[in-house]
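Take a look at the structure set out below.
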Amino acid sequence: MDDLLFQPLTLPNGTVIKNRFFKSAMSETMGDRHQLPNRELIMLYNKWASEDIGVLVTGNVMIDSRYLGEPGNVALDSEKNLDVFKAWAQVGQKKGTPIWLQLNHPGKQMYRSIQEEPIAPSAIPISGSSASAFRIPREMTLVEIQETVTKFISAAQRAEEAGFSGVQLHAAHGYLINQFLSPADNHRKDTYGGSLDNRMRFLREIYQGIRRSVNPNFSIALKLNASDFKEEGFGFEDCQEVVKIMSDLGVDLIEISGGNYETPVFGSEYENGAGFLNYATALSKITNVPIVSTGGFRDKKQMEKAINDGVSMIGMARPFVLMPNLVTEIKQTKDFHLTTPRLTTGLSSLDKTLGPIIGVSYYEGQMKRLANGRPIKRRENAWPYLLTTVKLHGLAALRPRRQ
Ligand SMILES: Cc1cc2nc3c(=O)[nH]c(=O)nc-3n(C[C@H](O)[C@H](O)[C@H](O)COP(=O)(O)O)c2cc1C
């Protein structure tokens, strides 16, 4: 079984990936005040690029600097300062590992403190326990939809110009593309709403526009929810259709995840069992495009079984922070198992509501340590991470969220 994880994989566009380890996107929040990558961000990728990882996906980069998901986001919406993106791409590929820029627009998932008027397919507020952290969005006009499609395409062209080997479109976790796909968030009466074909139009226009304007060896990947796990939302049936259609259109790889700010399924229950693996395995049977399952992989046997069952790559995020040399460890250790720190405030009700934000803040802190060559702190006390979040983003940030 050992070899399964270390076999090369060829993508539809001919790119050869040396092994089955996929570093999933993690918002590093290392953008400077001009939303450009800072020195720490480049140092962090210098670290990951030194390791034996198959593909590196960056944290989400916003395609429109007016609409950031959170403070510290990087944005790529101008020709200016492409040099710093070039430096990032160059460092990421110093050992030949493909590095893909994840492109995103938050839509209505923008913190109240960031934008007066978020935009979304329809003026439907975010519900659930995190609702008060967000404003009611305004419905996008057709002109705004076209402008946003163009911004995604331009960002991908700039990513190619900067030397990245691909992009990943973030169509998961409740952000703008996911909002268009979801019947719960998209009540439009025009050609962008209604049937799945219409709800997919935004994604298709972005994807096809990028495909037409980049070189054939530039990879275009997708991150998609298996389900939003919310009534009337984007469910697994829709997901299967999107996978089939995007495969026919020639997408190079599809990463499967799930949830959004209303149903953040990102947490301890997924840490010991790969949460979306059953969905990802089923999807791998209906397409020839490589499917990546992400979320909860901590165990070598579980990873081998996933590949054996048809998934093409193992997506991991938090494990690559805790153990950047994870791939080497897995290669050398027969019964590899990673435990993630259980952060707690000591108050179970608080842990329940603030679990995701505590986790994000902890991992952001550890990415900063990695960037600066300092060892990871395995901690249980969640309070310092809560306080850091409040200091940086105000009390409104203390809401369940996922990226
Ligand atoms: C600090 C942090 C930031 C994240 N940022 C992003 C992001 O920018 N884009 C994205 O698609 N997923 C993001 N995620 C989700 C991860 O890519 C991944 O789907 C999730 O952590 C589950 O995988 P894991 O169990 O291996 O960590 C983030 C996760 C963490 C912990």
Taking R0 as 22 Å and r as the Cβ-Cβ distance between D248 and D3, the FRET efficiency 1/(1 + (r/R0)^6), rounded to the nearest 0.05, comes to 0.10
If R0 = 45 Å, then R66 and T353, at their Cβ-Cβ distance, give a FRET efficiency to the nearest 0.05 of 0.90
As a Kirkwood estimate from alpha-carbon pairs, the chain has a hydrodynamic radius in angstrom of 20.9 Å
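For the range 71-136, rounded, prolate or oblate, judged on the Cα gyration tensor with a ≥ b ≥ c (square roots of eigenvalues), a/c < 1.5 rounded, else prolate if a/b > b/c? Before the final figure, lay out each step's value.
Values: a/c = 3.19, a/b = 2.46, b/c = 1.30.
Here the range 71-136 falls in the prolate category.
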Packing-ranked peptide list from 81-92, 169-180, 333-344, highest mean Cβ count within 10 angstrom first, is 169-180, 81-92, 333-344
Quick calc, K189 & S50: beta-carbon distance into FRET formula, R0 35 Å, rounding 0.05, result 0.10
Asserting the computed 222 nm helical MRE of the chain (DSSP H runs at least 4 long, -39500 (n - 2.57) per run, divided by residue count, to nearest 500) equals -11000 deg cm²/dmol
Taking alpha-carbon centroids only, the range 85-102 lies from the range 284-337 a number of Å equal to 22 Å
Distance in Å, no decimals, from the C-alpha centre of the range 137-166 to the one of the range 184-233 is 13 Å
Counting only DSSP beta bridges with both partners in the range 2-335, the antiparallel fraction in percent, to the nearest 5, comes to 10 percent
quick shape note, the range 30-104: Cα extents on principal axes in Å, largest first -> 36, 20, 19
Cα-Cα pairs in the range 288-395 separated by more than 16 Å, as a whole percent of all pairs, come to 65 percent
Given 370-383, 202-215, 346-359, the highest-first ranking by average Cβ count within 10 Å works out to 202-215, 346-359, 370-383
Of 26-32, 54-60, 119-125, ordering from highest average Cβ density within 10 Å down gives 54-60, 26-32, 119-125
The relative contact order of the chain, taking Cα pairs under 8 Å that sit 6 or more residues apart, comes to a percentage of 16 percent
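Any read-out appearing in this document is the output of simple, stated calculations on the displayed coordinates, not a laboratory observation. Note that the structure is predicted; figures quoted are calculated from it, not measured. As a convention, Cβ positions derive from the backbone with ideal geometry for all residues, glycine included, and neighbour counts pool all protein chains shown.
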